[in-house]
Amino acid sequence: MTLTAPAKIELKSVKKSFGSKIVLDGVDIRIDPGKSLVIIGGSGSGKSVTLKCILGLITPDSGTISIDGQPVQHGGHTGRDSLMQKFGMLFQGAALFDSLKVWENVAFGLIHAQKKPKSEARDIAVEKLRRVGLAPSVADLFPAELSGGMQKRVGLARAIATNPEIIFFDEPTTGLDPIMADVINDLIVENVRELGATTLSITHDMHSARKIADHIAMIYEGRIIWHGPVDALDHSGNPYVDQFIHGRADGPITKNASFKAA
């Protein structure tokens, strides 16, 4: 008898409403270890809420979320710190601390979560900056002195600094020109492969999704309406997916589509 390894991340029948607005209506997701899943969908479809539920920033109304087969406990601190140390995240817009130097941004988790000495943390930060194509001289600059593309690279360096098992990417190419966006996509693929990390990304950028994903899932009106390998995306047979990936105004997705009322 062959035992199936537990998923790295698994959501079963996850629901979340805000007042009368149903945001998640029974989301089911499974990501196996070392795989990359990208969730696509329009604004207000539930992508960000899904991510926040996994991170524990939002408590689902029902359903289960598991990491390595262990249920994530919301609303308490038991085991929360050890769970969070498995995660790294590249935020939309990089979300760097303006008052901290670049190396201090990259080393933030190393210093505050892993309690590493600052000298050791700085050495690690400089190495991670190198891995995303930034020179050691950048380490002592402040975020305001960097271009948008460089800030995004620093955000990626911070995301991988603690060698996390799981990395979340929130609209990783937003605000970047096409060339820099492709550079960031390449860096994501390269660094995730080196770490062997499991990744979950949310994006509107279909070029990015195709490049960084092993599998793609589309969320619409709070449900996963299609899930498959990235090379099956153009042959999904799903009219909602087809309309979204080709950016067509005409189709089953209307411009007024949003959350459902409970």
Under a 1.4 Å probe, counting only protein heavy atoms, residue 84 has an accessible area in Å², nearest 10, of 80 Å²
Result row for the chain, helices from DSSP H with C-alpha axial extent 20 Å or more and mean Kyte hydropathy at least 0.0, is 178-195
Ranking 100, 233 from most to least accessible area with a 1.4 Å probe gives 100, 233
For the pair residue 190 and residue 86, the simple spin-label estimate (label points 7 Å beyond Cα toward Cβ) gives in nm 2.9 nm
Per the 1/(1 + (r/R0)^6) rule, R0 = 41 Å and r from the Cβ atoms of residue 141 and residue 210, FRET efficiency to 0.05 is 0.80
Computed from the beta carbon distance with a Förster radius of 25 Å, FRET efficiency for residue 28 and residue 246 to the nearest 0.05 stands at 0.45
Cα-based Rg and Dmax for segment 117-181, in Å, come out at 12.3, 39
Residue span residue 18 to residue 235: 0.36 nm per residue of separation minus Cα-Cα distance leaves a gain in nm of 74.6 nm
For the chain, the accessible surface attributable to carbon and sulfur atoms (probe 1.4 angstrom, ligands and nucleic acids excluded) amounts in percent to 52 percent
Rounded to the nearest 0.05, FRET efficiency between residue 62 and residue 127 (Cβ-Cβ, R0 51 Å) equals 0.70
The Rg/Rh figure for the chain, Cα atoms and Kirkwood Rh, to two decimals is 0.98
Ignoring ligands and nucleic acids, residue 30 exposes an accessible area, probe 1.4 Å, in Å² to the nearest 10, of 90 Å²
Net charge (Lys, Arg +1; Asp, Glu -1) of residues whose beta-carbon lies under 9 Å from that of residue 65, residue 65 excluded, is 0
Taking a probe of 1.4 Å and leaving out DNA, RNA and ligands, the chain shows per residue an accessible area in Å² of 48 Å²
With +1 on the Cβ of every Lys and Arg and -1 on the Cβ of every Asp and Glu, the dipole magnitude of the chain about its Cα centre, in debye rounded to the nearest 20, is 560 debye
Counting only residues 5 or more apart in sequence or on a different chain, those whose built amide H sits under 5 Å from that of residue 92 are 170
GNM of the chain, Cα pairs under 10 angstrom: of 201, 45, 147, the biggest fluctuation goes to 147
Candidates 164, 143, 71; GNM for the chain (alpha-carbon contacts under 10 Å) flags as most fluctuating 71
Quick tally, 1.4 Å probe accessible area for 116, 16, 21, sorted with the most first, runs 21, 116, 16
Sorted by chain and then number, the residues having a modelled amide H within less than 5 Å of the amide H of residue 39, at least 5 places away or on another chain, are 201, 202, 203, 217
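The values are calculated or read from the model by the stated rules, or taken from the named source; none is laboratory data. Note that the coordinates shown come from a computational prediction; the quantities given were computed from them, not determined experimentally. Note that each Cβ is placed from the backbone with ideal geometry, even for glycine, and that neighbours are counted across all protein chains shown. Heavy atoms of the whole protein, side chains included, go into the accessibility calculation; ligands, DNA and RNA do not. Shrake-Rupley method; radii C 1.70, N 1.55, O 1.52, S 1.80 Å.
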